[in-house]
1. At 1.4 Å probe size, with every protein chain present, just tell me what the per residue accessible area of chain B comes to in Å².
2. Quick one: Cα centre-to-centre distance for the stretch A:95-153 and the stretch B:104-133, in angstrom?
3. Summing +1 for each Lys or Arg and -1 for each Asp or Glu, what net charge is found among the other residues whose Cβ lies under 14 Å from the Cβ of A:Tyr376?
4. Taking amide hydrogens as modeled 1.01 Å from N in the peptide plane, which residues meet the under 5 Å criterion relative to B:Phe714, leaving out close sequence neighbours?
5. Taking 0.36 nm per residue of separation and subtracting the Cα-Cα distance, what length does fully extending A:Glu550 through A:Arg528 add?
6. Taking a temperature of 37 °C and a viscosity of 0.692 mPa s, what whole-number D in µm²/s does Stokes-Einstein yield for the stretch B:523-595 with Rh from Kirkwood over alpha carbon pairs?
7. Identify all lysines with a Cα-Cα distance to B:Lys148 below 19 Å; exclude those on the same chain that are fewer than 8 residues away in sequence.
8. Rounded to the nearest 0.05, what FRET efficiency do B:Ser136 and B:Asp746 have when you use their Cβ-Cβ distance and R0 = 45 Å?
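The values are calculated or read from the model by the stated rules, or taken from the named source; none is laboratory data. Predicted model only: the values in this text are computed from it and were never measured. Here Cβ is always computed from backbone atoms with ideal geometry, including for glycine, and neighbour counts include all displayed protein chains. Just the protein is used for accessible areas: all its heavy atoms, side chains included, with ligands, DNA and RNA removed. Shrake-Rupley method; radii C 1.70, N 1.55, O 1.52, S 1.80 Å.
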Protein chains: 2
Amino acid sequence: MKIKNLLTIVLVVLAYSYSVAQDNLVQYVNPLIGTHKMGHTYPGATVPFGMVQLSPETDTIPYEADDHYNPLVYKYCAGYQYDDPTIVGFTHTHFSGTGHSDLGDFLIMPSVGKLQLNPGTEQNPKSGFRSAFSHSNEKAEANYYRVKLDDDNIVAELTATNRVGFHQYTFPQADQAHIILDLMYGIYNHAGKNIWTFVRVENDTLVTGYRQTNGWARTRTVYFAMTFSKPIKQYGMKDFSKPDVYKGFWRKFDQTKNFPDIAGEQIRMYFDFQTQEGEKVKIKFALSSVSTKGALENLQTELPHWDFEKAKHDGQQQWQKELQRIRVKASDKNDLINFYTALYHTFLGPTTYMDVTGAYRGLDQNNHQAAGFTNYTTFSLWDTYRALHPLFNVIQPKRNSDMVNSMLAHYDQSVHKMLPVWSHHANENWCMIGYHSVSVISDAIIKGNFQGDAYQALDACVATARHKSYDGLEYYIQSGYVPEDKSGSSVSKTLEYAYDDWCIAQVAKKLNKQAIYDEFTKRSQNWRNVYDASTGYMRPKLSDGKFRKEFDVLSTHGQGYIEGNAWNYSLYVPQDPEQMIALMGGKKRFVQHLDSLFTMNLPDEFFAHTEDITREGIIGNYVHGNEPAHHAAYLYNWTDQPWKTQERVRMILQKQYHATPDGLGGNDDCGQMSAWYIFTSLGFYPVAPGSDQYALGSPAIQSAVLPLENGKTFEIEAINQSKKNVYVQKVTLNDKLLTRPFLTHDEIVKGGKLVFYMSAKPKR
Amino acid sequence: MKIKNLLTIVLVVLAYSYSVAQDNLVQYVNPLIGTHKMGHTYPGATVPFGMVQLSPETDTIPYEADDHYNPLVYKYCAGYQYDDPTIVGFTHTHFSGTGHSDLGDFLIMPSVGKLQLNPGTEQNPKSGFRSAFSHSNEKAEANYYRVKLDDDNIVAELTATNRVGFHQYTFPQADQAHIILDLMYGIYNHAGKNIWTFVRVENDTLVTGYRQTNGWARTRTVYFAMTFSKPIKQYGMKDFSKPDVYKGFWRKFDQTKNFPDIAGEQIRMYFDFQTQEGEKVKIKFALSSVSTKGALENLQTELPHWDFEKAKHDGQQQWQKELQRIRVKASDKNDLINFYTALYHTFLGPTTYMDVTGAYRGLDQNNHQAAGFTNYTTFSLWDTYRALHPLFNVIQPKRNSDMVNSMLAHYDQSVHKMLPVWSHHANENWCMIGYHSVSVISDAIIKGNFQGDAYQALDACVATARHKSYDGLEYYIQSGYVPEDKSGSSVSKTLEYAYDDWCIAQVAKKLNKQAIYDEFTKRSQNWRNVYDASTGYMRPKLSDGKFRKEFDVLSTHGQGYIEGNAWNYSLYVPQDPEQMIALMGGKKRFVQHLDSLFTMNLPDEFFAHTEDITREGIIGNYVHGNEPAHHAAYLYNWTDQPWKTQERVRMILQKQYHATPDGLGGNDDCGQMSAWYIFTSLGFYPVAPGSDQYALGSPAIQSAVLPLENGKTFEIEAINQSKKNVYVQKVTLNDKLLTRPFLTHDEIVKGGKLVFYMSAKPKR
């Protein structure tokens, strides 16, 4: 190493350390944002990209319910709804911001007095182990959650390491103090979901076991090791299983009391203690995808002590370190709260999915060893390819490369030989459409961040894109579009496949694979095949080559789109807006289309059936609460009126993100909505991941410093910034005028300074 | 090594090799013996102690049935009943001779013509995939089974390696030839038994997956890897699961046809081929307790070729090698068939339970590595401690030591910290009574065969015997007997605990653990506490210290005994017959008791409810079909009339063992009945395993040569042997007169020659 390089590193490290001391960013994180209504975030404790998400549950659908489309499935995706009056308990796994649900493993609930092994009702929490609570006694921070459980006057506190949840319960004096371990509870706990439960009380402070479910993840097993700070006085269980669970010679034993070996479909356990007034009973609860042995190793390695405050502090230090990847200044504290909570939300996933030893359960249900990378899970790719992974390519390139390696491991383990579509916990759940893994992979390779074999990665992309039995791809490959009569949401599929194909072509080009480049460049033009010049919209086509007659350009149901309508989806050619605009009648007509999108006045009931969003998630006919048009406001950059991009994005920031529990207008979608916020606040956005370009917008912060992983620093400044000064008069990069409304990735990673000169008047 | 020793070894090896060439012992094995009525043996293919037992199924209870006590549970313990007219298919795992049931994993059935995915009925086999067959087209050998399936004119042939089943199906010409893989089928397939199934069609010749059940083994998973000799033309499945199996976004796909990724509760699959007349389609089907990866490794390591004849030959060579551990001469071919089939049955289990890599699933459901031993499973200990493990201590000492190590691994993995009671496939099923692991461990240690830490083994025995919450032990420890009002079968438990305790004391003595010796010697006297001098029987006592008033000395139900009555169980003090006889009124009165036992005339209906045996399993009131009195006929040796032992045991051999499918009078009980046959035929029997003594009886063979593992040879000769000459006039050991009716283990393992001089007249 040259002295000069060493010096640079030392200086960067010093600067970095200095800023840690100076600026407590954790204070701006409010995990309660998004917990009311549609945000579907959870308020509990977790570390960045942590395997454990330890968070309160306010309700779920009862496990007896057999309706897979119960509306509560949707409402309780994150287990917690801010306006609920009771808490059922605290579980260890949660999605952040999804629109479908699973997880909620291993519910823990403290109680005193007569033992109750049913949760009780919201209306009458004292009829069961759940408890009333109030927000005045609730506190949520990054990696810390506290609430007073009113029914039994117990204070619950939660914190976590990567793989271990740490509970601290402050009890009143009680002869009968209980810790309930509910192994039947789960988020979206439909009939038949719980497949099997296995528990061992290893000694008077250690319990191990697993829970196996058939839900959104079809075959999922979570192993645990749980340890108490104080010996169990006695314990027991109730088996709520159907009578067909085999008992056999186990009838020899009374399995309900102090019997250490338990298995069944539906089990609730209790552990009894005697407590003094104010006594703290602590629980460390470790997870593993591999085995109870793995969970125990995770526990012993990550959390060898019982110091709750230290664990909380250590986790918050991790948050501080991660949040410092962007240090912003803003005029309004709410902007800082929105910004750092959004950044917090982007760092909640994908989540770590391996033991401290590197072992993890793979898609093939075998155990694997992650060689040279951290294995991650929960890839909500239809959402996150748009801005979350591109954001990671700027501020988390190492992790993003590991995420790509995790996706490639999934491919290796896939019997379909496909990259993940929507995957979590060693399962493909096939949610949504497209094969957007290829976008994430392409973006990482094009931007030079992927540490691995790019040729293998390209092979995986190509194999996935050629997989004929997948979701209309056979017809798409054959005819250049997905016929609506063969495969629903056909327009969305055709457009997204075409974009994904373009991504593959970009990698092929970089790797000099001409034949693949040609094949996928041709396929990337397929968006043209669903454009209907007679109406000016992308429109569903039938297998006879004719457009379907029935055509409702506003409806989002049965029209050939998914989570969008013709207005929004017709804009979806991110790989080539210029050609799209040309085909749609040129820039002038296109601006009219965009203007109408943002300003048309639609009756409330029209969007009542639009999925995943509140009325506030919609601006005109533009649906920010869903993803397909997330790039739309930036398309003015390809017309003569980029100032409208600046105006729209500032309006969206203002209308769609609030520093309140109901502050998110739609599902956060595993960080995609938050990533949009971060990029847009900084003044640029990746319209087409897989290209090296970012479209410029209008920054909402005053300044930002990004200490990059390569040691360089990228700075952004917005001169004359204010709520009204949303228009950009000029932009300089390293003091040179930027004459295009675009920034390249290279320009960021080289380090430098981007300055926006703001004004209240558009530059026409 | 001294030249002399080397020479001895060379000579032994030469002699051994010579006899291999000379004497085909496999020809005497008839696996059909015991397949009719109560024997519960299976006729299929397996290697000695093999993990795979590939055998035909003639019926089972349907999976819809929810009666855990369905009589068919009992009838179909081994899947096959000789008098059934149809075969449903061939499965890979079977118990040999049990009285309760489980296993029957992965049913394979070939068919042609219209695809049928239901098994059909016995009355109308053509209504499903099952087929009629006749015994004239059936052939069963050690490691080979063949049958013609009449319905579709398919010849099925089966053979196996340790971990791989090898199927060969000779088809007629067929455009539609099918191989059914029924993953719902199982032996004792009660409602709720199938927990989960997972299958991947990896490519056009390889299928992997697993089956998870909740049955006699509470939490059992079997993994497989299956490969075809010919590429699959097409394949598919039908899901018979209840509707509550979650489908979600998997609905995108038609999972019923050529979809490679299948999971659910109740699955049947089919694989289609086109066949020429006489074409052989072969399947190699490997198992693992660890993973599909492990199953695939087992397959590739053990059976890399497709030569069915070679696999069959290799397996039969293994049988030849094992059967040569006793080379007998007999006057009657049927005696040789009975002898070598019995020896075959003793070598069917415990079965190998680890992958070729040494990995296996443990009782704690974690994967473990067997360090320095072969891990075995299926310990039917209440049966096999009596004669099977003692037999292994003579002719399979290395394996028996590994079995003890397997039991100690079970102990290490047990959350109860108990040795196995009745264990199989990584599960304790708690069947029957006692803690007879300690007998097996004690016998191995006392006889000098255990390779391991005897002190640790003793600790495991002691911990098990002190486990208060187990089956009345708390009362036994406290009061010296199990009170019938606290824990049923109390007399049997008290007697067997006392014997087990004596075993522990013997080990403690050998290891100079005086306190343990004293404690367990005292406990071993507890049999005295249930002896009722007023009736002369062992009798149930209540917790108030008084004998229960109601007392039926003949009934086997509700009388304080299990699988026995007062007549039989009153003889159960194997550790001290002398004292027992004294307490029962002395030798004369005792001989009367024994004589009555064997000669009393009981009405048929009296034993109609005796478990596990046919009418033929009973001689007088002596029940040979169950185990508790297996030592009884040898007890005359402790009286003045040992000639009655000689007479009785020859009668039992003759009456209870026949070279026919219905030739076993009771369940073979994992080899215990057969081990009794082997010992008794050789002329001695281990009345009290844990001692080094064998009681002499009356040999039924003409001569026997036992080439021992230590390089020595032990020979037995019966001079003047015949069916009538059942009485022993004198016995010499190495040409010296043996003046006691006992032989010691040392006398066997030192090598030498035991000669019985037979006569038609008793030596009074």
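1. Working: 25300 Å² over 764 residues.
Result: 33 Å² of accessible area for each residue.
2. 53
3. Residues close to A:Tyr376 contribute a combined charge of +2.
4. Under 5 Å from the amide H of B:Phe714: B:Leu706, B:Leu708, B:Gly752.
5. On the way: separation 22, 0.36 × 22 = 7.92 nm, distance 2.00 nm.
Contour length minus the Cα-Cα distance gives 5.9 nm.
6. Numbers: Rh = 12.7 Å.
For these conditions, the coefficient is 259 µm²/s.
7. Qualifying lysines at Cα under 19 Å: B:Lys126, B:Lys139, B:Lys280, B:Lys282, B:Lys312.
8. On the way: r = 51 Å, r/R0 = 1.13.
Here the calculated transfer efficiency is 0.30.
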